[in-house]
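The values are calculated or read from the model by the stated rules, or taken from the named source; none is laboratory data. Bear in mind that the values here come from a model prediction, so they are computed numbers and not experimental data. Note that each Cβ is placed from the backbone with ideal geometry, even for glycine, and that neighbours are counted across all protein chains shown. With ligands, DNA and RNA removed, areas are computed over all heavy atoms of the protein, side chains included. Shrake-Rupley method; radii C 1.70, N 1.55, O 1.52, S 1.80 Å.
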Amino acid sequence: MFRSHKKRKLETWFDQDCTSDTTIPAAFAGDAELESHFATLARTRRAVQTIAEREQIADAQFPAFMSGIREQLVQKQPRRLPGIWVMASVAAVLLLVTVSTLVVVMGRPADVRAEQPQIESYSTDIKGATVKTKTDKDNATVWVNVPSGDLW
Amino acid sequence: MGLALETPVYFALEISTPEGDLPVIDTDKPLVTRAQAGDLEAFEELVRQYRNDVFALAYHFVRNREEAWDLSQEVFIKAHQALGQFRGESSFKTWLMRITANRSKDYLKKRRLDTVAYDDALESHEVAAGMMGPRESLEAREMGEVILKAMNALPHKHRVAFTLREFEGLSYEEMARVMECSLGTVMSRLHHARRKLQDKLIRMGVVMGGKH
């Protein structure tokens, strides 16, 4: 555990304060294991530096890169109804609400009524019969008076 | 202040910011604010500025330009979606790198990138080493290629730590902000990554060493 602690301290120095990877500080010098560890750290870093080519997106490639991002951003945007459809939907809802309100407020519609009946003509084949008519608001009445004794 | 002193007293005023709490670079702030308000041109400018930071880090994980391209685009798309959550507690670059490190893990899982089983790489390389001699020093580049293969077998968090330090050259503080952990955790993960890599290099005879 102590060894591990010393190695960690060495690594911290190596990462933060080491300006040259060829000289181990005096605090760690003389310890073969630590010196070996330091040598490995330095060699590893040199090896990484030889293959750590920093890949880049060139300026000429940037438009294509950004285009791909824009496409995805547009696709991922929440769907929004065009304004006209929103207005139409709102108008339809308002219409329904208005009609419903009117029906409720104004009550049932008036009953359908026929025009006042009118007797245009009348006739009878019964000899001696008389016909009377009476028309009021909703009804038309016809009386046929037949002479007595003439009923079959 | 009515303080009379017979001897001069010198005060050392130390200003320090809390760990991981550096402010956004001033030049970014207006762009970030506009981007958060929905200005796509401002966001595009941020992409232009930091595309290579994201791309380079992404490449370190996937080791393929096309994959890194896709991953980088995913990072910026995620960043755009999460712009409202960015509060400027870290720099925008650090925030992007954090997203890159997190997304890379998911990306690698999703793509099911073959991580070279280190033992396989070990065997194939042992053959070559046997021909060359284990004590013969490998060219630094060859050693670097071996390290890359060995990194594939590291746990993701250790791989991230090693990549940020050795490939990107980030300081411990910057690493802590990217990985959203303490300095102690940064050092611990880096230590474990190095230990595992070193163990494997020792087994290959690439480096000399003993037990940890």
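Peptide B:170-177 has a mean of 1 when you count, residue by residue, the C-beta atoms of other protein chains within 10 Å of its C-beta. The residues B:S171, A:S148, sorted by heavy-atom accessible surface at 1.4 Å with ligands and nucleic acids left out, run A:S148, B:S171 from largest to smallest. Judged by the mean number of other Cβ atoms found within 10 Å, the most tightly packed of the peptides B:47-54, A:88-95, B:156-163 leads the ranking B:156-163, B:47-54, A:88-95.
Legend: mean number of C-beta atoms from other chains within 10 angstrom of residue C-beta atoms, peptide A:62-69, equals 5.
So for B:E66, B:E168, what's the accessible-area order with a 1.4 Å probe, most first?
Sorted descending by solvent-accessible area, the residues read B:E66, B:E168.
Between A:E55 and any residue 5 or more places off or on another chain, the built amide H atoms are never under 5 Å apart. Within the full protein context, the accessible area of A:R70 is estimated at about 90 Å² for a probe radius of 1.4 Å.
Dividing the summed helix terms, -39500 (n - 2.57) for each DSSP H run of n ≥ 4, by the number of residues in chain A produces a 222 nm estimate of -16500 deg cm²/dmol to the nearest 500. Helices meeting the span-like rule in chain A (full DSSP H runs, Cα extent of at least 24 Å along the helix axis, mean Kyte-Doolittle score of 1.6 or higher): A:83-106.
When B:E67, A:E53, B:E180 are compared by accessible area at a 1.4 angstrom probe, the order from most to least is B:E180, A:E53, B:E67. Counting Cβ atoms of other protein chains within 10 Å of each residue's Cβ and taking the mean over peptide B:66-74 gives 3. Residues whose amide H comes within less than 5 Å of that of A:T135, counting only those at least five positions distant or on another chain, are A:T141 (H built at 1.01 Å from N in the peptide plane).
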